[in-house]
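Take a look at the structure below.
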Amino acid sequence: MNSSFAGTSLKVGIAGLGAIGKSLAGLLDQGIPGLRLHAVAVRDASKYAGFLDALSVRPITTDFEGLARDCNVVIECAPAALVPDIVAPALKAGRKVVVLSSGALLANMHLLDLAKEGGGQIMVPTGALIGLDAVTAAAEGTIHSVTMTTRKPVKGLLGAPYLAQHNISIEKISEPMKVFSGSAREAALGFPANLNVAVALSLAGIGADRTRLDIWADPALKRNTHTIVVDADSASFSMTIENIPSENPKTGRITALSVLSLLRKIGSPLRVGS
């Protein structure tokens, strides 16, 4: 443990109990040294009573302010529109905040100022990507370009605002179809439930406007696939990951595990990776 939390367990709070929030709650409930699920914040606690009662230690239910007041670490697992309401109180209280809806950070950069003023920290997990360590290392030098190609099963893209705005129908396609080509910033606006990975990549590297992205809907796919190509003065590399979807087809199972890995690093005596 570091000196700030030596001899104690970090109290973890989860905002939202969708597929990722539930998965994290279950993993934490199994027992992670130095971590303890203390509280959850949901709109309707009665809806999740059965799930919470089944945990070995039932966390308290509270609101976003309660998470900020009572927890050392707050994990945002909610719709992107709620990010400011969840993150701001926690940062003002000097807490560490894990943000999964990282696309919302682009429209709420004032949260970085709150982190500086309150002594808090925003942490964006690797999530469904691979190789962010390599990208952040390359960014210490000069990165010339970062491109990402995302291929998703059709059901993983249904309902995206960009498709509706551009009258793009993918329900009945029989072959792969490119539905978007542009910047990570544009992708975050058009696909807010799908492309947090692109924003995480952009924050690690050369920014949301220079990170380029192609999105394909592929009716033959069962897994979300991301391929990243980076050209830098220190190295040129490419990476591909195929993620098994969670019960929510828009997110991968590895996302919750990525958050758990990040939490372990907070107080671990050995940290592997930058």
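The values are calculated or read from the model by the stated rules, or taken from the named source; none is laboratory data. Predicted, not measured: the structure shown is a model, and the values here were computed from it. Positions of Cβ are backbone-derived with ideal geometry, glycine not excepted, and every protein chain shown enters the neighbour counts. Just so you know, the surface numbers come from the protein's heavy atoms only, side chains and all, with ligands and any DNA or RNA stripped out. Shrake-Rupley method; radii C 1.70, N 1.55, O 1.52, S 1.80 Å.
Can you name the residue in the stretch 120-172 that is touching a residue at least 60 places away in the same chain (Cβ under 8 Å), of a type in the set (A, V, I, L, M) and more than 24 Å from G273 (Cβ to Cβ) and, of all such residues, is least open to solvent (accessible area, probe 1.4 Å)? The selected residue is L157. Per the listing S56, S46, S23, the residue uniquely under 18 Å from L262 (Cα atoms) and among the hydroxyl-bearing types (S, T, Y) is S23.
Applying the criterion of at least 1 residues that are closer than 21 Å to I254 by Cα to the helices (runs of 4 or more DSSP H) found wholly in the stretch 154-240 leaves 184-190, 196-204. Restricting the stretch 51-87 to residues that are β-branched (V, I, T) and surrounded by fewer than 21 Cβ atoms within 10 Å (Cβ to Cβ), the residue that is farthest from G26 (Cα to Cα) is T62.
All conditions but one from (1) aliphatic (A, V, I, L, M); (2) surrounded by fewer than 17 Cβ atoms within 10 Å (Cβ to Cβ); (3) touching a strand residue (DSSP E or B) at 6+ places or on another chain (Cβ under 9 Å) apply to M109; the one that does not is (3). Within the stretch 195-215, none of the residues are over 21 Å from the mean Cα position of the chain (by Cα) and either aliphatic (A, V, I, L, M) or open to solvent by 20 Å² or more (accessible area, probe 1.4 Å) (or both).
Residue count for the stretch 196-222 satisfying the condition of being touching a Gly at 6+ places or on another chain (Cβ under 7 Å) and modelled with pLDDT of 95 or more: 2.
Taken over the stretch 225-254, residues that are buried (at least 16 other Cβ atoms within 10 Å of the Cβ) and more than 30 Å from L17 (Cβ to Cβ) amount to 5. Summed over the stretch 1-35, the residues that are modelled with pLDDT under 95 and assigned to a strand (DSSP E or B) give a count of 3.
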